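Values quoted throughout were computed directly from the atomic coordinates according to the rules given, and no laboratory measurement underlies them. Predicted model, so just to flag it, every value in this text is computed and none were measured. Cβ coordinates were reconstructed from backbone atoms using ideal geometry, including for glycine residues, and neighbour counts include every protein chain displayed.
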Amino acid sequence: MLTRGMAAILSYVLATAQADSAGTRLPAAISRGPAGDGAHVIADISQVLFIGATAIFVVVFALVAVALFGPAAARRRLSSPALIVGAGIAFPVVALTALLVYALSTGPSMAGDGAKPAVRIAVKGELWWWRVRYHDASGAVLFDTANDIRIPVGAWVEFELSSDNVIHSFWVPELAGKLDMIPGRVNRLRVRAQAAGTFTGQCAEYCGAQHANMKFNVVALEPDAYQAWQDAQVRPAEVRPAQVRPAEAPPAEASAPTLHQGAQVFQQACAQCHTVRGTAARGTLGPDLTHVGSRLSLAAGVLPNNVGALAGWIADSQHIKPGNPMPSFNQLPGEDLRAVARYLESLK
Ligand SMILES: [Cu+2]
């Protein structure tokens, strides 16, 4: 009878979970399932704890029912000292110890069993975006980017998580558990993606007004595609001939000055806060924009990345993300605004 009740509860839980994931209401992490080693271990632990807790819950309430409504003989047996010591002390000690040993034993496999990481990425929590710096095997800096992290599928990646302001928490639920970014220390999180895909991350520690708008993407790429992306990110920015449409003579002439004009506006109005490698812009208060045109989103997952959204952000950043350190450039003439937005879009 007990097992049938448990089976009924479990099948109900599974059925509702399936119905929900079909309706895509659940967060991706629950509906798509784990896609990284750490997330797999966490899902396994949750399952074991859930099933164990359900079984104990059912048994305890069955005993309560017997104690309240059962025949006198059965109720007498329940009050025997042996049962109280056995079920009340010995069983919890054994069950909780076993679960603790099991949960602790999964630690090493979550951290890659000591494997040497293939990629090292330092991520700093800012107010309210993610400063990302790639290192090569020897620890030298390869390039900086923001909010858009790419990793190779099947390789261990080490994130060095830190903060110079308040506590943030780095969380990509489909790949791994969350880890806090604490001022004054570096926390290391090892991640291995088991399948290619785009995984959403979110700051998981309240860090101020725009905490909810502090998102990011982790894209797991096949090794070749990853290498190509990394090679492109290392290069300084350049206005490539293809972007001024050489095939059509008049538009080429018309658009070349626009990109040029955009670059000029950028050096005047934006360079004190933003870096575009390969130009004189060396500011570090805001994100490195050298390849901003290649990112999946803008302003930490708040806007899609296209020329219209770029112009909207530049003109109205204080309305889109109130309190962030970038002023709204709503006094820029329309032509300058369009030029600088086009210039940034061209920085692939
Ligand atoms: Cu945060």
* Asked: Quick one: Leu259, Leu142, Leu49, Leu68, fewest Cβ neighbours within 10 Å first, how do they rank?
  -> Leu68, Leu49, Leu142, Leu259
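Going by the alpha-carbon gyration tensor, a ≥ b ≥ c the square roots of its eigenvalues, is the range 33-110 rounded (a/c under 1.5) or, if a/c is not under 1.5, prolate (a/b greater than b/c) versus oblate?
oblate
Taking a 18 Å limit on the Cα-Cα distance, which of the listed pairs Lys124/Lys178; Lys124/Lys348; Lys124/Lys215; Lys215/Lys321 fall beyond it? Please list the in-between numbers first.
Numbers: Lys124/Lys178 14 Å; Lys124/Lys348 23 Å; Lys124/Lys215 13 Å; Lys215/Lys321 13 Å.
Over 18 Å Cα-Cα: Lys124/Lys348.
So if R0 is 25 Å, what FRET efficiency would Ala225 and Lys116 give, r being the distance between their Cβ atoms, rounded to the nearest 0.05?
Numbers: r = 22 Å, r/R0 = 0.89.
That gives a FRET efficiency of 0.65.
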* Per-residue ellipticity at 222 nm for the chain, helices alone: DSSP H runs ≥ 4 residues times -39500 (n - 2.57), over residue total, nearest 500 deg cm²/dmol? -> -13500 deg cm²/dmol
* In terms of modelled amide H atoms, which long-range or inter-chain residues lie less than 5 Å from the amide H of Glu205? -> Ser169
* Neighbourhood net charge (12 Å Cβ-Cβ; Lys/Arg +1, Asp/Glu -1) for Val265 -> 0
* Cα pair distances of the chain binned at 10 Å [whole percent] -> 5, 19, 25, 19, 13, 8, 5, 3, 1, 0
* Structure fact -> Going fewest to most other Cβ atoms within 10 Å around each Cβ, Thr290, Thr275 line up as Thr275, Thr290
* Structure fact -> Magnitude of the Cβ-charge dipole (Lys and Arg +1, Asp and Glu -1) of the range 114-234 about the Cα centre, nearest 20 debye, reported as 280 debye
* Hey, with R₀ at 35 Å, roughly what FRET efficiency would Glu160 and Gln264 work out to, going by the Cβ-Cβ distance, to 0.05? -> 0.45
* To do: Give the long-range amide H neighbours of Ile151: residues separated by 5 or more places, or on another chain, with amide H under 5 Å away, using H modelled in the peptide plane at 1.01 Å from N.
  => Val219, Ala220, Leu221
* **Local net charge near Asn165, Cβ-Cβ under 10 Å (Lys/Arg +1, Asp/Glu -1)** => -1
* **Projected label distance in nm at Ala280 and Val141, using a 7 Å step from Cα toward the beta-carbon** => 2.1 nm
* For Tyr102 and Leu296, what does the FRET efficiency come to when R0 = 41 Å and r is the distance between their Cβ atoms, rounded to the nearest 0.05? -> 0.60
* **Spin-label pair Lys348/Arg75, simplified geometry with 7 Å Cα→Cβ offset, distance in nm** => 8.0 nm
* Asked: Given charges of +1 on the Cβ of Lys and Arg and -1 on the Cβ of Asp and Glu, with all other atoms neutral, how large is the dipole of the chain about its Cα centre, in debye to the nearest 20?
  -> 1040 debye
* To do: Counting other beta carbons within 10 Å of each Cβ, put Asp44, Asp336 in order, fewest first.
  => Asp44, Asp336
* Which of Gly36, Val219, Gly70, positive extreme of dipole for the chain (C-beta unit charges) -> Gly70
